[in-house]
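**Student:** What follows is a single structure, and I will ask about it in a moment.
Nothing in this text is a laboratory measurement; each read-out follows from the coordinates by a stated rule. Small disclaimer: the values here were computed from a predicted structure and weren't measured. A quick note on method: Cβ atoms are made from the backbone with ideal geometry, for glycine too, and the neighbour counts reach across all protein chains shown.
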Amino acid sequence: MTDDELAARALAAKARSYSPYSGFPVGSAVLAGGRIYDGANVENASYGLSVCAERNAVMRAVLDGAKQIEAVAVASDASPPAAPCGMCRQTIMEFAPDPAKVRVILVNGAGERRDYTLAELLPHAFRAEDLK
């Protein structure tokens, strides 16, 4: 699975976003266990009940039994492409055995792209080890 394929899946998922309140559609695709799990943001009139695209994709992967994320693509209409929010970064971190190896690809429909690692986006993450 190439990062370009993952980005294309995130862009396709963005088209299925339910974002009537923010007008900010986001799609995500997570590579875990060799499979791709996609998600889109789903908003609610009670804003706090909205769920981000990245968390929807991660939850789909986990429900399918995947526990280790290899890469995440996030698609938006923003320029430059938008990065995951803090809550999403922390959710991805939960399933990232080595954050320095988890690729995060940010894209938009205009063809702009930014590539990071999860460690770059969340350098001082709270981890399970911190609970000890």
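**Student:** Taking θ as phi - 60°, what are the ³J(HN,Hα) couplings along the stretch 78-93 by the Karplus curve (6.51, -1.76, 1.60), each to the nearest whole Hz, with x for Gly and Pro?
**Tutor:** Karplus-based 3J(HN,Hα) across the stretch 78-93 equals 5, 9, x, x, 6, 8, x, 5, x, 5, 5, 4, 5, 5, 4, 4 Hz.
**Student:** Picking from 27, 65, 39, which is most flexible by a Gaussian network model of the chain using Cα springs under 10 Å?
**Tutor:** Evaluated over the chain, the most mobile residue of the options is 65.
**Student:** In percent, what relative contact order does the stretch 3-131 have, based on Cα pairs under 8 Å that are 6 or more apart in sequence?
**Tutor:** 21 percent
**Student:** Same structure again: When a footprinting reagent is the concern and you count Cβ atoms within 10 Å, what order do 116, 21 take, fewest first?
**Tutor:** Listed from fewest to most nearby Cβ atoms, that is 21, 116.
**Student:** Only four residue types carry charge here, +1 at the Cβ of Lys and Arg and -1 at the Cβ of Asp and Glu. Report the dipole size of the chain about the Cα centre in Debye, rounded to the nearest 20.
**Tutor:** It works out to roughly 180 debye.
**Student:** Can you list the HN-Hα couplings for the stretch 47-53, worked out from phi with the Karplus curve (6.51, -1.76, 1.60; θ = phi - 60°), rounded to whole Hz and with x for Gly and Pro?
**Tutor:** The phi angles translate into 3, x, 8, 5, 10, 6, 4 Hz.
**Student:** Could you line up 118, 11, 131 from fewest to most neighbouring Cβ atoms inside 10 Å?
**Tutor:** Starting with the residue having the fewest Cβ neighbours, the order is 131, 11, 118.
**Student:** Read through the labelled values (i) 13.8, 45; (ii) 13.7, 42; (iii) 16.5, 66 and report the label of the one computed as Rg and Dmax of the Cα atoms in Å from the structure.
**Tutor:** Structure-derived value, by its label: (i).
**Student:** Ranking 2, 117, 91 by Cβ neighbours within 10 Å, fewest first, what do you get?
**Tutor:** 2, 117, 91
**Student:** Here's another thing I want to ask about it. Could you give the distance between the Cα centres of the stretch 1-45 and the stretch 86-132, to the whole Å?
**Tutor:** 16 Å
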